[in-house]
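The structure under discussion appears below in the form of structure tokens.
The values are calculated or read from the model by the stated rules, or taken from the named source; none is laboratory data. Note that this is a predicted model, so its numbers are computed, not measured. Cβ: placed from backbone, ideal geometry, glycine included. Neighbour counts: every protein chain shown.
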Amino acid sequence: MIDNEKLAEAARNELALLWRDLEAACRSAVDGRWSMECDSVVDRIKELTAVVGPTPWQEVPLVFVETRLYQEIHLAIGIDTEVKAWQIAEAKALAEALRQT
């Protein structure tokens, strides 16, 4: 018998990993920004998000939240994931502080 809760948890974990895959795909793109591989990963993110909901923005590479890609991907599938500018600023400051230690 299929355990739906375990299946949903596995899908949420995979979704979080897909955001890291998108970061890697962007880094390896010829222009260092976007490629067909990026498009493919975004399609997979959209598919899983529609099933299990969005990955919390705090678990996504900050660059995607700062550039609003995170929010735009979700808006494309009808999910509002607005992140306040002050939240992004706090996350960025924390990341910088951690980087300096």
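Taking segment 1-58 only, how many residues are in contact with a Cys (Cβ under 7 Å, 6 or more places away or on another chain), of a type in the set (Gly, Ala, Ser) and modelled with pLDDT of 95 or more? Working first, answer last.
Initially, segment 1-58 is screened for residues in contact with a Cys (Cβ under 7 Å, 6 or more places away or on another chain), giving 22, 25-26, 29, 33-34, 38.
Applying the additional criterion that residues be of a type in the set (Gly, Ala, Ser) yields 25, 29.
In the following step, the residues that additionally are modelled with pLDDT of 95 or more were identified as 25.
Residues flagged as in contact with a Cys (Cβ under 7 Å, 6 or more places away or on another chain), of a type in the set (Gly, Ala, Ser) and modelled with pLDDT of 95 or more within segment 1-58 amount to 1.
Do we have Ala76 as over 23 Å from Lys92 (Cβ atoms), of a type outside the set (Val, Ile, Thr) and in contact with a Gly (Cβ under 9 Å, 6 or more places away or on another chain) here? Spell out the reasoning first.
On the way: over 23 Å from Lys92 (Cβ atoms): yes; of a type outside the set (Val, Ile, Thr): yes; in contact with a Gly (Cβ under 9 Å, 6 or more places away or on another chain): no.
Judged against the criteria, Ala76 is not a match.
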### Query
For residues in segment 80-91 being aliphatic (A, V, I, L, M) and part of a helix (DSSP H, G or I), which is surrounded by the fewest Cβ atoms within 10 Å (Cβ to Cβ)?
Ala85
